[in-house]
Amino acid sequence: MRLLGRRQPLVPIVDSPRPAVSSHPPASAAISPATDPQRRNAAELVLRMALTDLKLRYQGSALGFAWTLLKPLMQFAVLYVVFSVFMRISVENYQLYLLLGVLIWNYIADGTTNGMMALVQKANIIKKVYFPRIYVVLAASLHHLLALLLSLTVFFVFFFAAGKTLTWAAPLALVAVALLYALVLGLSLLLAVLHLKFRDTSQIWELALMAGFFLSPVIYPLQVIPERFHTLLFLNPVTGLIQYTRLILLDGTLPSAAGALYVTVFSIGLLAAGLWLFGRHAHLAAEEL
Amino acid sequence: MANPAITARGVGKTFVLPKEKRETLREWVASGFRRMSYDRFDALRDISFEVESGSCFGIIGRNGSGKSTLLKILAGIFPPNAGSVSVQGRISPFLELGVGFNPDLSARDNVYLNAAVLGLRTREIDAAFDEIIAFAELERFVDQKLKNFSSGMHVRLAFSVAIKARADVYLMDEVLAVGDLVFQQKCFDVFRRFRSEGRTIVLVSHDLASIRNYCERTLYLRDGKMVALGPTAEVLDRYVYEDRAVVLPQAPLGTDAAGIRSPVRIVGARVLDRAGRPQRQLLAGDAMAIEVDYAADSDAANAVIELTLADPRGTVLFTVDSGAFDLRPPALSGTLRVSFPSPAIGAGHVVVSAAARSRDSTIFHRRDHIGEFDVLAGADNRGLVRMPVSACFVSPPDH
């Protein structure tokens with residue numbers, strides 16, 4: 001098949017019967033890609049790939065790793081100048097409000113984009129080594145989660161510098177981050193499989209993210225949107241995730257039970273769907289890359 | 001087999017090649033969501049074999065014969081469409097050295113990453129790290145980025161990590177083609193150690209010498225099917241000799257083809273020295289030429305005139321023909337002149353033979369021993385052949 005070249009990807013037959021395989025871990029992994037009884041270092045490998053990606057992200061740039069923190073800060077500065085100074089949005093704690101929104105949105109955008117591309121970017125490894133393919137997507141989402149956690153420390157510097165204090169509700173922010181991770185991983189898994197089949201998934205997703213940026217209250221306060229559109233806005237789980245994190249950290253109050261339940265079910269459901277679809281298709285990744 | 005490390009039964013792999021490639025949504029929509037039509041390509045069909053535990057098993061075949069696909073199935077990178085593979089013990093999940101090496105990472109980081117991909121735990125890598133670097137002879141470069149490494153350093157590092165992957169069965173694809181001779185020797189020493197430790201090796205290679213030296217049994221694949229499976233020597237014989245697609249028709253030595261008067265005949269030949277005079281003795285290295293005269297009944301334009309130089313025992317030293325230069329002989333009669341500006345014959349007696357044949361290798365006429373000459377050794381060298389050389393004395397290094 002090497003002769004056929006890259007532009008002629010070979011699609012495997014899907015209707016052929018599954019091979020009867022005994023005691024062969026890779027083939028059993030074709031049925032359940034998340035497990036490999038011979039692979040004893042799963043967590044270590046995923047973490048190492050994530051840390052390597054983080055390390056390589058700004059490789060060669062003068063400021064290197066500092067960009068992980070600088071980039072969201074610069075983004076924040078630009079948005080703040082535009083919306084606070086020029087457009088005169090006046091909300092209490094708008095700086096912190098905006099910074100938190102930007103950080104969470106960046107995680108969703110970068111995490112899903114990278115997760116979607118993970119199989120393609122790691123094609124050189126996937127075609128040469130067997131390991132459960134989900135690792136590369138896990139590593140991508142984890143790498144950006146680490147970046148989020150790092151940049152959250154910057155948020156907390158500003159937070160305490162502004163004289164604010166954490167309330168008893170603050171630990172719930174961890175739940176929000178966990179749900180955020182589930183959402184990003186679920187989307188990544190779905191997108192990664194779609195991207196295997198249709199390479200323009202990445203273009204479409206880029207547009208979707210641009211729309212999502214404005215359909216979620218990242219830069220604008222929810223109050224500027226008429227009340228009657230709020231339900232519609234909250235159908236987008238990102239609205240809830242951003243808004244509830246702000247409630248918990250900035251206001252020290254809790255989101256509504258219905259809203260929290262909706263976001264939880266949506267995120268977990270997306271993750272389940274992602275795992276299911278990925279499990280069905282990922283074992284063919286080496287052939288389609 | 002009492003204790004097979006690998007058992008493959010009826011393994012098949014079919015790839016489906018979309019007739020119209022439809023990789024983007026637009027193409028899919030434009031085609032009206034129709035089901036794609038496919039060409040099926042059987043990369044492997046009904047492959048069955050066993051590999052004895054602790055042995056070395058070779059897989060050979062020409063390009064596109066399915067060797068790498070089979071190895072990928074054994075490694076679990078591709079799932080098979082048919083049949084089954086079972087492996088006793090842990091199989092190395094990789095086919096190439098240095099998978100996942102990143103040029104922007106240091107040797108240290110690459111070792112950790114690569115070893116993790118190969119299945120080692122962090123504390124195992126910690127424990128083996130110094131040994132890995134020492135084996136690769138890269139102690140001074142541990143924290144250098146990989147992109148500054150020579151290809152030799154790269155390979156040494158990769159190999160040093162690979163041999164730490166704790167597997168019972170190792171799969172190696174053309175791995176021996178890399179590195180210098182000393183390093184290849186080091187690789188084979190490790191292989192031998194693996195063997196003595198009871199590990200199993202599956203080797204895919206175009207290098208028949210490695211296969212012959214190291215593999216007890218070999219599988220020969222052609223077009224995805226098994227051609228031969230058995231002791232390496234037998235399989236290699238079959239691979240080398242049986243599959244010559246083109247066998248040249250040859251007239252027996254010293255006879256005219258079929259005894260019929262040939263349409264094109266060799267009439268005579270001369271050996272000329274550097275001044276163009278007929279000679280029987282030449283000095284080694286001096287320019288020379290050989291002329292072959294032919295005659296034809298009707299038209300010699302489609303004939304090829306062939307010249308052969310041999311030693312007195314009949315061993316061919318050199319052969320050349322006018323077809324190689326795409327020359328067309330003038331009709332009816334003529335002379336082919338072959339010039340040797342710098343002949344490589346060092347010394348000895350040389351026998352000249354010539355033949356006329358058609359372009360499809362049917363011999364018209366053949367004259368063995370139509371001429372001969374002696375080459376006298378020059379002052380600068382002796383021996384059968386002359387070759388361009390240079391030499392110098394090297395002082396021992398200062399202590």
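If you filter region A:226-244 down to residues that are free of Cβ contacts under 8 Å to residues at least 12 places away in the same chain and open to solvent by 40 Å² or more (accessible area, probe 1.4 Å), you find that the one that is nearest to the chain's Cα centre (by Cα) is A:Leu235.
Conditions tested, residue by residue: (1) surrounded by 18 or more Cβ atoms within 10 Å (Cβ to Cβ); (2) among the small types (Gly, Ala, Ser); (3) in a strand (DSSP E or B).
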position: B:Pro343; (1), (2), (3): yes, no, no
position: B:His349; (1), (2), (3): no, no, yes
position: B:Asp368; (1), (2), (3): no, no, yes
position: B:Phe393; (1), (2), (3): no, no, no
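Residues that are open to solvent by 10 Å² or more (accessible area, probe 1.4 Å), closer than 14 Å to B:Ile363 by Cα and part of a loop (DSSP other than H, G, I, E, B) within region B:287-317 comprise just one, B:Asn302.
Report, by residue number, each residue of region B:318-338 that is part of a strand (DSSP E or B) and not charged (D, E, K, R).
Taking region B:318-338 first, the residues part of a strand (DSSP E or B) are B:318-321, B:333-338.
Within region B:318-338, B:Phe318, B:Thr319, B:Val320, B:Ser333, B:Gly334, B:Thr335, B:Leu336, B:Val338 qualify.
Look at (1) surrounded by 22 or more Cβ atoms within 10 Å (Cβ to Cβ); (2) more than 14 Å from chain A (Cβ to nearest Cβ) and you find that B:Ser151 fails only one, number (1). Only one entry in A:Ala170, A:Ala162 is away from every other protein chain (no Cβ under 14 Å), open to solvent by 20 Å² or more (accessible area, probe 1.4 Å) and more than 24 Å from A:Gly269 (Cβ to Cβ), namely A:Ala162. Among the residues of region B:69-90, are any polar (S, T, N, Q), in contact with a strand residue (DSSP E or B) (Cβ under 6 Å, 6 or more places away or on another chain) and either more than 9 Å from chain A (Cβ to nearest Cβ) or under 18 Å from A:Arg39 (Cα atoms) (or both)? Yes, region B:69-90 has at least one match.
Among residues that are under 30 Å from B:Leu70 (Cα atoms), at pLDDT below 50, open to solvent by less than 40 Å² (accessible area, probe 1.4 Å) and at the interface with another protein chain (Cβ under 7 Å from one of its Cβ atoms), A:Ala29 is included.
Here's the yes/no breakdown for (1) out of contact with any Lys or Arg (no Cβ under 7 Å at 6 or more places or on another chain); (2) in contact (Cβ under 8 Å) with a residue 60 or more places away in the chain; (3) under 17 Å from A:Leu138 (Cβ atoms); (4) not acidic (Asp, Glu):
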residue	(1), (2), (3), (4)
A:Arg40	no, no, yes, yes
A:Asp53	yes, yes, yes, no
A:Gly64	yes, no, no, yes
A:Trp67	yes, no, no, yes
A:Val81	yes, no, no, yes
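Given the options B:Thr232, B:Thr218, name the one that is at pLDDT 90 or above and touching a helix residue (DSSP H, G or I) at 6+ places or on another chain (Cβ under 7 Å). Before you say what the answer is, go through the steps one by one.
Working: B:Thr232 fails: at pLDDT 90 or above.
Selected residue: B:Thr218, the only one of B:Thr232, B:Thr218 that is at pLDDT 90 or above and touching a helix residue (DSSP H, G or I) at 6+ places or on another chain (Cβ under 7 Å).
Listed here are the residues, each with its yes/no results for (1) surrounded by fewer than 16 Cβ atoms within 10 Å (Cβ to Cβ); (2) closer than 26 Å to A:Ser90 by Cα.
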| residue | (1), (2) |
| --- | --- |
| A:Leu189 | no, no |
| A:Ala192 | no, no |
| A:Ile204 | yes, no |
| A:Leu215 | yes, yes |
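Every condition in (1) under 22 Å from B:Arg274 (Cα atoms); (2) open to solvent by less than 70 Å² (accessible area, probe 1.4 Å); (3) in contact (Cβ under 8 Å) with a residue 40 or more places away in the chain holds for B:Val320 except the one numbered (3).
Can we say A:Leu247 is more than 18 Å from the chain's Cα centre (by Cα), surrounded by fewer than 17 Cβ atoms within 10 Å (Cβ to Cβ) and of a type in the set (A, V, I, L, M)? It is false that A:Leu247 is more than 18 Å from the chain's Cα centre (by Cα), surrounded by fewer than 17 Cβ atoms within 10 Å (Cβ to Cβ) and of a type in the set (A, V, I, L, M). Within region B:91-122, restricting attention to residues that are among the polar types (S, T, N, Q) and at the interface with chain A (Cβ under 7 Å from one of its Cβ atoms), the residue that is nearest to the chain's Cα centre (by Cα) is B:Asn102. B:Gly98 meets all of the listed conditions (1) assigned to a loop (DSSP other than H, G, I, E, B); (2) open to solvent by 20 Å² or more (accessible area, probe 1.4 Å) but one, namely (2).
Evaluation of B:Phe135 against the conditions (1) out of contact with any Ser or Thr (no Cβ under 6 Å at 6 or more places or on another chain); (2) more than 20 Å from A:Leu284 (Cα to Cα); (3) not in a loop (DSSP other than H, G, I, E, B) shows that the sole unmet condition is (1).
Residues are listed down the side, and each one gets a yes or a no for (1) over 28 Å from A:Val224 (Cβ atoms); (2) of a type in the set (D, E, K, R); (3) within 16 Å of the chain's Cα centre (by Cα); (4) open to solvent by less than 40 Å² (accessible area, probe 1.4 Å):
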site: A:Asp53; (1), (2), (3), (4): yes, yes, yes, yes
site: A:Ala62; (1), (2), (3), (4): yes, no, no, no
site: A:Ala77; (1), (2), (3), (4): no, no, no, no
site: A:Val82; (1), (2), (3), (4): no, no, no, no
site: A:Met87; (1), (2), (3), (4): no, no, no, no
site: A:Glu92; (1), (2), (3), (4): no, yes, no, no
site: A:Gln95; (1), (2), (3), (4): no, no, no, no
site: A:Leu103; (1), (2), (3), (4): no, no, yes, yes
site: A:Met117; (1), (2), (3), (4): yes, no, yes, no
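The set of residues from region B:46-98 being closer than 24 Å to B:Ala162 by Cα and of a type in the set (Ser, Thr, Tyr) comprises B:Ser53, B:Ser55, B:Ser68, B:Thr69, B:Ser86, B:Ser92.
The values are calculated or read from the model by the stated rules, or taken from the named source; none is laboratory data. Please read all numbers here as calculations on a predicted model, not as lab measurements. Positions of Cβ are generated from backbone atoms using ideal geometry, with glycine treated the same way; all protein chains shown enter the neighbour counts. Heads up: the accessible areas ignore ligands, DNA and RNA and are worked out on the full protein's heavy atoms, side chains in. Shrake-Rupley method; radii C 1.70, N 1.55, O 1.52, S 1.80 Å.
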